[in-house]
Amino acid sequence: MDEIEAGFEKIMQKIKDLQEKDAVLSEEARDNDAKLLRKMAETSRPIVKSVGLNMLKMGKQDTKGEIYDPAYYPAKMIVLGKTEPAAFRPDNPTKTITDQFCVLSEDGDFFELMYSFDGFLTDSYLNPIDTKRAIGSYGYDIMFMLYQAMHDYLKGEEALVESLEKVIGYVFGRSV
């Protein structure tokens, strides 16, 4: 084997080693995705307090589709994702769900915000969920959306944001 072939073999081995390391790190990140999302939520609490919205809890709808006499949840929330609505609400099986969102509250808790509409009244149910279920129901998109919120609002925390960027890249299998 000449020098060129030996050098080529070393390069190919290095590429193979890096690919194996990448697969191991990516799998490790996926195995700990719920823990990562929980840590991200805890870190994001001040962000949600400052940029979150007071989501509609209940409101009446007029013939033009405008909401009047609204009531809002007291805690601010950010919407991280949307999914196909479940067949019915856990608090009342007679109510069908028209829209269903994954939200993060200012307390760092995840919820499914489920809206129902009966032709006159729009009301909702705030269903608490854990991070594993949130990822299972809404996918890794919610992690990416939370990362984007952190990226935009965590000024002065560049090291944290850079670290999260690397981990998110591994989870999604691409660079952010």
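Using the Karplus equation 6.51 cos²θ - 1.76 cosθ + 1.60 (θ = phi - 60°), what ³J(HN,Hα) coupling, rounded to whole Hz, does each residue of the range 99-109 give in order, writing x for Gly and Pro?
9, 9, 10, 9, 10, 10, 8, 5, 8, x, 9
List every residue whose amide H lies under 5 Å from the amide H of K76, counting only residues 5 or more places away in sequence or on a different chain, with H placed 1.01 Å from N in the peptide plane.
E106
So if each residue of separation counts as 0.36 nm, and I subtract the Cα-Cα distance between E5 and L56, what length gain in nm does that give? Show your work: numbers first, answer last.
Numbers: separation 51, 0.36 × 51 = 18.36 nm, distance 6.71 nm.
Length difference between fully extended and current span is 11.7 nm.
How about the range 43-116: which chymotrypsin sites (Phe, Trp or Tyr not before Pro) there lie in a loop by DSSP and see at most 15 other Cβ atoms within 10 Å? Please report the intermediate quantities before stating the final value.
Working: sites: Y68, Y72, F88, F101, F110, F111, Y115; in loops: F88.
Sites meeting the loop and neighbour criteria: F88.
Quick one: net charge of D118's neighbours, Cβ under 13 Å, K/R +1, D/E -1?
Numbers: positive: K60, R89, K95; negative: D123.
Around D118, the surrounding residues sum to +2.
Checking a compactness column here: for the range 32-172, what do you get for Rg(Cα) / (2.2 N^0.38 Å), N being the number of residues? Don't skip to the answer; put the middle values down first.
Details: Rg = 16.3 Å, N = 141, 2.2 N^0.38 = 14.4 Å.
It is 1.13.
Give the long-range amide H neighbours of T98: residues separated by 5 or more places, or on another chain, with amide H under 5 Å away, using H modelled in the peptide plane at 1.01 Å from N.
HN-HN under 5 Å from T98: Y115, S116, F117.
From the phi angles alone, apply the Karplus equation (6.51, -1.76, 1.60; θ = phi - 60°) to the range 132-149 and give each ³J(HN,Hα) in whole Hz, x where the residue is Gly or Pro.
Result, rounded to whole Hz: 5, 5, 4, 5, x, 8, 10, x, 6, 4, 5, 5, 5, 5, 5, 4, 4, 5.
Are there any trypsin sites (Lys or Arg not before Pro) in the range 71-163 that are in a DSSP loop and have at most 10 other Cβ atoms within 10 Å? List them by number. Before the final figure, lay out each step's value.
Working: sites: K76, K82, K95, K132, R133, K155; in loops: K76, K95, K155.
Loop-located and lightly packed - K155.
FYI, it's all coordinate maths here, none of it is from the lab. All values derive from a computational prediction rather than experimental measurement. Virtual Cβ from ideal backbone geometry, glycine too; neighbours counted across all protein chains shown.
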